[in-house]
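**Q** Have a look at this one.
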Amino acid sequence: MTVHERRAEQRTAPGGSVEFDADVLVIGGGPAGTWAAVSAAERGARVVLADKGFCGTSGATAAAGTGVWYVDPKPALREAAMANREKMGGHLQDRRWMARVLDQTYEDSNRLAAWGYPYPVDDTGTSQRNSLQGPEYMRLMRKRTKQAGVTILDHSPALELLVDDDGSVAGASGVRRQKHDRWIVRAKAVVIATGGCAFLSKTLGSNVLTGDGYLMAAEVGAEFSSMEFSNPYAISPAFGSVTKTLFYGWATFSYEDGSVVPGAASKGGRSAIARALLQGPVYARLDKADDDVQRHMRASQPNFFLPFDRTGIDPFRERFSVTLRLEGTVRGTGGLRIVDDSCATSVPGLYAAGDAATRELICGGFTGGGSHNAAWAMSSGTWAGWGAAGYARQLGPARQRRLASAGTVAFRSKAGRAFEPATLTKAVQDEVYPYELNYFRHASRLESALERLDAAWVDASSADAASKDDLLRARESAAMLATSRWMYRSALARNESRGMHRRDDYPYQDDRQRHYVTSGGLDEVWTTVRPHADASYSEAAE
Amino acid sequence: MIEVIDAERCTSCDICVNVCPTNVFDKTEGIPVIARQGDCQTCFLCELYCPEDALYVSPYAEEPRPTDVVALRQTAALGSYRRAVGWTDETRDLRGIDRSYLLFGH
């Protein structure tokens, strides 16, 4: 058991609120947030972790099972692991980052084993560490976070960041939704680990992931990268929430009349499913799974079978209707731009980890599975925790800083017109769910969607402050709206098809566009391009 | 969506109120209530954390499907997820049987 002398200090605060003084505030309690909190605390920082829900069940990992990009440190295996996805990701990965993520993931996974994670042992007696069961993993991470001396605030969504006179990030504030009061954490550094944005599509475990951290970061001027890679869709039963696309690798997909959908496949043929869904219902049957595979599936992912067992469907023998649920930037690769090895963002004092940060450095424009995201969550969480702790230490002993709230939309009354979160959420979903807009993109359709989204932003940002009860929903809807605009503006800036980004009007990859698209801004959304690392290196060599 | 809190099994420990990531339940003087069913994301985690197997999440994610608790008690559904992942004393061995490593690369 670790010894802790340094905990975040609770200060006396006016009625209706609680206040803490900390070195590091971590916003989000999924894998990235808990690794960040543990790592910062191990470097001596006083840490508060605030989760919108419950640290341990919140987020895309806790509800699911995930592969982990865990590769033994043998040069040939590592080389193959890095080369494996480069083409799929459109050659936007960065070899140096891939190597360091493989190293850190190996180390973190071995720590999980030492902490008691029940990794399975194969027939040869080898512990297999390339998969994690979400509930088990996150229950353990909650325990380790508490043991590290971190103060956890559950059901405490952050609503806005605090900044000092220089514009450095210096904490955040939010609400404790079960205690009906406010929280304020003054911190020397903040880690955004709020996950991606899945637009409340009910893809498993993702309804807490509404891009809240993006909005808060954008309000202090943070930049985004690769936001055009934001349109993966996951397969689930039409009536259900369990998205486990791996298992559909054993499926046959058919139309209403029973004929097979040509080219449809979980891997490399999902667009055929989307096209068929535009015409009518699509059915799946996992008829390619033999008895052994069926048994392994049940052992590995019990929740996959809940929707079937509870409706009396045998998914191996009977057809069931399927749908594609938008996973947005949860399984996309876009997110907050990382500017150095410590996962700092472009704003002093602000760090990003996990799905909240771009995963372009190891995935390029395509993930193809949870394993890279899980590896990234651990690695970037660890680095962001160390980075934030180091930044806090270098800032020196607490000095009284004058802090200002950075929140904009839904906080300020302007128009005498009510903010309507439910209406706004629906309006955003109508622009990002449709396959013909987001899966299969085209300049003219993106431009008209953006016109409507930009108009919605003008409306929302000039509406009245949301009521106390509506504030969280209002901020969530505004965050989803802002996210959709960075996504589509970036999609318009990439006039080619690469990774998961498909343009009907530019169906091929263009070698001259092997670069990253940076985006940002709220009232005015902007994009620019940055060269890929290889191009910078070759330029330097010339 | 969450459909059932079995009043006969629930001990009012309020664990579900705490662990639900989308804050669907409210505490009361007695057993908790499903206060915001529409916010349920059908993640099944409340069921998994309920030590009394008193909760039932219907697999229908899009709309409520009122469920008869008396009929439910006749089935093996209550607590079935918790048993399957090895979070009961009798099924602890199941915690380490993940066979995903045999399924990857398909």
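The values are calculated or read from the model by the stated rules, or taken from the named source; none is laboratory data. All figures in this text were calculated on a predicted structure; none of them were measured in a lab. Cβ coordinates were reconstructed from backbone atoms using ideal geometry, including for glycine residues, and neighbour counts include every protein chain displayed.
**Q** Among A:Glu228, A:Glu256, which is under 29 Å from A:Tyr488 (Cα atoms) and at pLDDT 95 or above?
**A** Of the residues listed, the single one that is under 29 Å from A:Tyr488 (Cα atoms) and at pLDDT 95 or above is A:Glu228.
**Q** Residues being farther than 9 Å from A:Ala62 by Cβ and at the interface with chain B (Cβ under 10 Å from one of its Cβ atoms): count how many of those fall in the range A:128-141.
**A** 7
**Q** Looking only at residues that are polar (S, T, N, Q) and not in a helix (DSSP H, G or I) in the range A:257-286, which one is nearest to the chain's Cα centre (by Cα)?
**A** So, considering only residues that are polar (S, T, N, Q) and not in a helix (DSSP H, G or I), the one nearest to the chain's Cα centre (by Cα) is A:Ser266.
**Q** Can you spot a residue in the range A:187-206 that is over 18 Å from A:Ala384 (Cα atoms), out of contact with any strand residue (DSSP E or B) (no Cβ under 9 Å at 6 or more places or on another chain) and crowded, with 24+ Cβ neighbours inside 10 Å?
**A** Yes; the residues of the range A:187-206 include at least one that is over 18 Å from A:Ala384 (Cα atoms), out of contact with any strand residue (DSSP E or B) (no Cβ under 9 Å at 6 or more places or on another chain) and crowded, with 24+ Cβ neighbours inside 10 Å.
**Q** Go through the range A:397-446 and report how many residues are assigned to a loop (DSSP other than H, G, I, E, B), within 30 Å of A:Ser271 (Cβ to Cβ) and not hydroxyl-bearing (Ser, Thr, Tyr).
**A** Looking only at that region, the number is 3.
**Q** Here's another thing I want to ask about it. Looking only at the range B:18-42, count how many residues are outside any loop (DSSP other than H, G, I, E, B) and more than 12 Å from the chain's Cα centre (by Cα).
**A** Number of matching residues: 8.
**Q** Next question, about the same structure. Find the residue count for the range A:67-81, including only residues that are more than 14 Å from chain B (Cβ to nearest Cβ), surrounded by fewer than 17 Cβ atoms within 10 Å (Cβ to Cβ) and not acidic (Asp, Glu).
**A** Result for the range A:67-81: 4.
**Q** Tell me, which strands (runs of 3 or more DSSP E) lie completely within the range A:61-177 with 1 or more residues that are in the same structural domain as A:Gln301 (by TED's automatic domain parsing) and in contact with an Asp or Glu (Cβ under 6 Å, 6 or more places away or on another chain)?
**A** Output list is empty.
**Q** Cβ-Cβ distance below 6 Å, separation of 6 or more or different chains: which pairs start in the range A:521-536 with a residue that is part of a helix (DSSP H, G or I) and end on one that is charged (D, E, K, R)?
**A** Listed by first residue and then by second, the contacts come to A:Ala533/A:Asp94.
**Q** Looking at the range B:26-49, is at least one residue at positive phi, of a type outside the set (A, V, I, L, M, F, W, C) and away from chain A (no Cβ under 12 Å)?
**A** No.
**Q** Something else: (1) touching a strand residue (DSSP E or B) at 6+ places or on another chain (Cβ under 8 Å); (2) surrounded by fewer than 22 Cβ atoms within 10 Å (Cβ to Cβ); (3) in contact (Cβ under 8 Å) with a residue 40 or more places away in the chain; (4) more than 10 Å from chain A (Cβ to nearest Cβ): which one isn't true of B:Arg9, the others all being true?
**A** (1)
**Q** Mind checking which residues of the range B:73-104 are surrounded by fewer than 17 Cβ atoms within 10 Å (Cβ to Cβ), under 15 Å from the mean Cα position of the chain (by Cα) and not β-branched (Val, Ile, Thr)?
**A** Within the range B:73-104, B:Arg73, B:Ala76, B:Arg83 meet the criteria.
**Q** Still on this model: Answer yes or no: is there a residue in the range A:97-108 that is of a type in the set (Gly, Ala, Ser), over 24 Å from A:Arg494 (Cβ atoms), surrounded by fewer than 22 Cβ atoms within 10 Å (Cβ to Cβ) and within 14 Å of another protein chain (Cβ to nearest Cβ).
**A** no
**Q** Please state which one of A:Gly15, A:Gly44 is in a loop (DSSP other than H, G, I, E, B), closer than 21 Å to A:Arg186 by Cα, more than 16 Å from the chain's Cα centre (by Cα) and modelled with pLDDT under 95.
**A** Answer to the check: A:Gly15.
**Q** Can I ask one more? Could you say which residue among A:Arg295, A:Arg275, A:Arg325 is within 20 Å of A:Pro232 (Cα to Cα) and either within 10 Å of chain B (Cβ to nearest Cβ) or acidic (Asp, Glu) (or both)?
**A** Result: A:Arg325 is the single residue among A:Arg295, A:Arg275, A:Arg325 that is within 20 Å of A:Pro232 (Cα to Cα) and either within 10 Å of chain B (Cβ to nearest Cβ) or acidic (Asp, Glu) (or both).
**Q** I need a count of the residues in the range A:184-216 that are part of a loop (DSSP other than H, G, I, E, B) and within 14 Å of chain B (Cβ to nearest Cβ).
**A** 14
**Q** State which residue is surrounded by the fewest Cβ atoms within 10 Å (Cβ to Cβ) when the search covers only the range A:462-510 and only residues that are touching a Pro at 6+ places or on another chain (Cβ under 8 Å) and more than 20 Å from A:Ser413 (Cβ to Cβ).
**A** Filtering first and then ranking leaves A:Ser497.
**Q** Here is a follow-up. Among the residues of the range A:120-132, are any surrounded by 24 or more Cβ atoms within 10 Å (Cβ to Cβ), more than 16 Å from the chain's Cα centre (by Cα) and either farther than 30 Å from A:Glu447 by Cα or modelled with pLDDT of 95 or more (or both)?
**A** There is at least one residue in the range A:120-132 that is surrounded by 24 or more Cβ atoms within 10 Å (Cβ to Cβ), more than 16 Å from the chain's Cα centre (by Cα) and either farther than 30 Å from A:Glu447 by Cα or modelled with pLDDT of 95 or more (or both).
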